[in-house]
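A short write-up of the structure that comes next.
The values are calculated or read from the model by the stated rules, or taken from the named source; none is laboratory data. In this text, all values refer to a predicted model and were calculated from it rather than measured experimentally. With ideal geometry, Cβ positions are generated from the backbone for all residues, glycine too; neighbour counts draw on all protein chains shown.
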């Protein structure tokens, strides 16, 4: 088997519209975006502009990060709104005086501005973001979830859920609670790649029991979630 190299920017020969994001991020000067192996982004025009066109308002003010797991699929136009996009909302005005500098910045430094504090945006492993899906600041999308086209996700998404709409809502889970617990325990995306390759046929089928048995026989089960 010819193994796919996760460090190749263009993983599909002759196709310039799909890239692995990890090498793109590692070659950039961006220090608060982290992407796992084999996660890809497809764009109808230029996927290499991902950090500019899809990770928005990333000015470094909020000290938050974007963390995307392994084996995720990001469709054309999927976007992440970083916390720096937000204005202070507790006062009389939402106008951001200090960003214009000069006397305004001296009067109320940006570091003292009453901005809402957010956690990092965290996209789990094996997540599929549909075309033009938008992830808002501080949101966590659980492993194995699917975010529908044009969905706007402003709240955390449980593992293996399907969410659609604006604001996004869970329409169903992909598996039973018991199956989800097994899949979280399996965490197949963290296996050595040779074990993943041996189980590709199983991974694309709904045969959790067989995958579980393989993991047990090869000591691949996590001791704790």
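Counting only helices (runs of 4 or more DSSP H) that fall entirely inside the stretch 151-225 and contain at least 3 residues that are within 22 Å of residue 141 (Cβ to Cβ) and within 23 Å of the chain's Cα centre (by Cα), the qualifying elements are 177-186.
Those helices (runs of 4 or more DSSP H) of the stretch 19-116 in which 1 or more residues are under 30 Å from residue 192 (Cβ atoms) and touching a strand residue (DSSP E or B) at 6+ places or on another chain (Cβ under 7 Å) occupy 21-26, 50-53.
If you check 49, 86, 32, 76 for being out of contact with any helix residue (DSSP H, G or I) (no Cβ under 9 Å at 6 or more places or on another chain), in the same structural domain as residue 152 (by TED's automatic domain parsing) and under 28 Å from residue 160 (Cα atoms), only one passes: 32.
For the stretch 146-155, the criterion of being in contact with a strand residue (DSSP E or B) (Cβ under 9 Å, 6 or more places away or on another chain), within 17 Å of residue 71 (Cβ to Cβ) and surrounded by 13 or more Cβ atoms within 10 Å (Cβ to Cβ) is met by at least one residue. Among the conditions (1) closer than 23 Å to residue 142 by Cα; (2) modelled with pLDDT under 90, the only one that residue 105 does not satisfy is (1).
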